[in-house]
Amino acid sequence: MNSFGTQRAAILFILISLTMFRGCSYSFTGASVPPHLKSINIPFPIDRSGSGEADLVDVFNTKIVQAFIDDNTIQIAERANADATLECTVISLSDAPAVVSGGEDVTLRKLTINIKVVYRDLVKRELIFDKNFSDFGNYSNQGNVYDERKQAIEAAMDKLAEDILLSVVSNW
């Protein structure tokens, strides 16, 4: 095969590989949830961030509960009927410049949220984990900054809910 044919074969191989991998996804659902844990209680989160964000824990509560409902590995339950509990506390929200353009103008900001999560087995009365999770969202410092910032909070909360869910169901 000449050099042109080899290049075409390599390009074809890469395109086929990318197409195949694009359709693949991995799920860790149920990989490490102890078999005796069928339900989980997720009390309303506590906000210790001091950020003054009015609906910070409301947004997080909606995201984390929906993540568990969508995953369906472990059922959401009231505390009295739950096999486990997942207590979440927002411990910080920081907002810092991410991109500074010419003239020292801040054009992009990075909003970082840290959440402490305590996951307990109520059946065996033992601590499964006590971890801190952190993630971020970026927003433009131009235009409607209020809406942009809210979207950054939502983006960070989406990632945090997913990370916490994965940690519970797959021991990450």
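With respect to the conditions (1) closer than 16 Å to Val57 by Cβ; (2) in contact with a Ser or Thr (Cβ under 7 Å, 6 or more places away or on another chain); (3) polar (S, T, N, Q), Thr89 lacks only one, and its number is (2).
May I ask you to verify whether Asp147 is outside any strand (DSSP E or B) and free of Cβ contacts under 8 Å to residues at least 60 places away in the same chain? In short, yes. Buried (at least 16 other Cβ atoms within 10 Å of the Cβ), outside any strand (DSSP E or B), of a type in the set (D, E, K, R) and at pLDDT 95 or above: does that describe Asp70? In short, no. Scanning region 103-117 for residues that are crowded, with 16+ Cβ neighbours inside 10 Å, farther than 30 Å from Ser39 by Cα and charged (D, E, K, R) returns Arg109, Lys110. Among the residues of region 95-102, at least one is modelled with pLDDT under 75 and either among the hydrophobic types (A, V, I, L, M, F, W, C) or surrounded by 11 or more Cβ atoms within 10 Å (Cβ to Cβ) (or both). Of the listed requirements (1) part of a helix (DSSP H, G or I); (2) modelled with pLDDT under 95, Leu108 misses just one: (1).
Residue count for region 33-43, restricted to those that are surrounded by fewer than 18 Cβ atoms within 10 Å (Cβ to Cβ) and in contact with an Asp or Glu (Cβ under 9 Å, 6 or more places away or on another chain): 5. Taking region 150-172 as the range and being assigned to a helix (DSSP H, G or I) and either on the phi > 0 side of the Ramachandran plot or among the basic types (Lys, Arg) (or both) as the test, the residues that pass are Lys150, Lys159.
The requirement of being of a type outside the set (Val, Ile, Thr), more than 17 Å from Leu166 (Cβ to Cβ) and touching a helix residue (DSSP H, G or I) at 6+ places or on another chain (Cβ under 6 Å) is fulfilled somewhere in region 111-124, by at least one residue.
Among the residues of region 74-92, those identified as farther than 17 Å from Asn132 by Cβ and surrounded by 19 or more Cβ atoms within 10 Å (Cβ to Cβ) are Ile74, Ala82, Asp83, Ala84.
Restricting region 44-56 to residues that are surrounded by fewer than 16 Cβ atoms within 10 Å (Cβ to Cβ), assigned to a loop (DSSP other than H, G, I, E, B) and under 18 Å from the mean Cα position of the chain (by Cα), the residue that is modelled with the lowest pLDDT is Asp55. Does Phe129 qualify as being in contact with a Ser or Thr (Cβ under 6 Å, 6 or more places away or on another chain), in contact (Cβ under 8 Å) with a residue 24 or more places away in the chain and not charged (D, E, K, R)? It is false that Phe129 is in contact with a Ser or Thr (Cβ under 6 Å, 6 or more places away or on another chain), in contact (Cβ under 8 Å) with a residue 24 or more places away in the chain and not charged (D, E, K, R). Inside region 73-100, residues that are polar (S, T, N, Q) and assigned to a loop (DSSP other than H, G, I, E, B) make up a count of 1.
The values are calculated or read from the model by the stated rules, or taken from the named source; none is laboratory data. Keep in mind that this is a model prediction, so the values were computed, not measured. Because the Cβ atoms are built from the backbone with ideal geometry, glycine has one as well, and the counts that use them run over all protein chains shown.
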